[in-house]
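Here's the structure we're looking at; comments come further down.
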Amino acid sequence: MLRAIYGDIPKSVLTTADRNTLNLKERKHGAPRPAIGTAPILSVKALGNLQIQIDCRVEGDENRPSIHPDADGVELRAYIGDTPPPNYEGANNISFKSKARFTEILDDPTFMGKWACVFARWVNTSDNTKSGPWSPMVSVIIN
């Protein structure tokens with residue numbers, strides 16, 4: 001909200017007390033982040049009209065989508081077809097999302113009635129070796 005009112009505020013303008021008052025988290029650049037040892041828990045839901053909603057969450061968040069605190073976002077691999085791939089390497093659509101909940105709108109009407117199979121992992125964009133493992137496949141029939 002502050003960004004919408006004041007535009008981007010350089011961090012050097014705000015004191016530590018100002019950041020605490022505004023409840024702004026300060027990330028120390030260059031601070032090492034640990035390797036991510038868990039995979040996202042995925043939920044995929046068909047919304048109709050060739051749309052699917054994907055929710056990602058960490059293990060401790062049972063009720064709401066969330067991003068792992070050591071991740072910059074989530075990498076997705078998806079496959080659309082009649083039979084699911086054996087693993088994430090068989091999924092050919094790759095994307096990166098920085099949000100934990102999003103809707104994918106598919107633009108090919110031939111996808112109707114086919115399986116959408118999704119795999120995901122938490123990603124550290126500054127050091128890919130610290131990215132997490134791939135999740136088990138989650139699938140839904142597109143309608």
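In this structure, does Trp122 turn out to be over 18 Å from the mean Cα position of the chain (by Cα) and at pLDDT 90 or above?
So Trp122 does not fit the description; no.
Taking only the range 53-80 into account, find how many residues are outside any loop (DSSP other than H, G, I, E, B) and farther than 19 Å from Glu104 by Cα.
Of the residues in the range 53-80, 0 are outside any loop (DSSP other than H, G, I, E, B) and farther than 19 Å from Glu104 by Cα.
For residues that are of a type in the set (A, V, I, L, M) and assigned to a strand (DSSP E or B), scanning just the range 30-52, find the one that is surrounded by the most Cβ atoms within 10 Å (Cβ to Cβ).
So, considering only residues that are of a type in the set (A, V, I, L, M) and assigned to a strand (DSSP E or B), the one surrounded by the most Cβ atoms within 10 Å (Cβ to Cβ) is Ile52.
Given the structure, is Arg57 touching a helix residue (DSSP H, G or I) at 6+ places or on another chain (Cβ under 9 Å), in contact (Cβ under 8 Å) with a residue 24 or more places away in the chain and charged (D, E, K, R)?
Judged against the criteria, Arg57 is not a match.
Quick one: count up the residues across the range 53-65 that are within 13 Å of Ala120 (Cβ to Cβ) and of a type outside the set (D, E, K, R).
The total comes to 4.
Looking at the range 53-67, which of the residues that are open to solvent by 30 Å² or more (accessible area, probe 1.4 Å) and in contact with a Phe, Trp or Tyr (Cβ under 8 Å, 6 or more places away or on another chain) is farthest from Ser139 (Cα to Cα)?
Ile67
Looking at this structure, is Pro136 part of a loop (DSSP other than H, G, I, E, B) and open to solvent by 80 Å² or more (accessible area, probe 1.4 Å)?
When the stated conditions are applied, Pro136 passes them.
The values are calculated or read from the model by the stated rules, or taken from the named source; none is laboratory data. What you see is a predicted model; the values in this text were computed from it and never measured. Please note: Cβ atoms are built from the backbone with ideal geometry, for glycine as well, and neighbour counts cover all protein chains shown. Please note that ligands, DNA and RNA were not included when accessible areas were found on the heavy atoms of the full protein model with its side chains. Shrake-Rupley method; radii C 1.70, N 1.55, O 1.52, S 1.80 Å.
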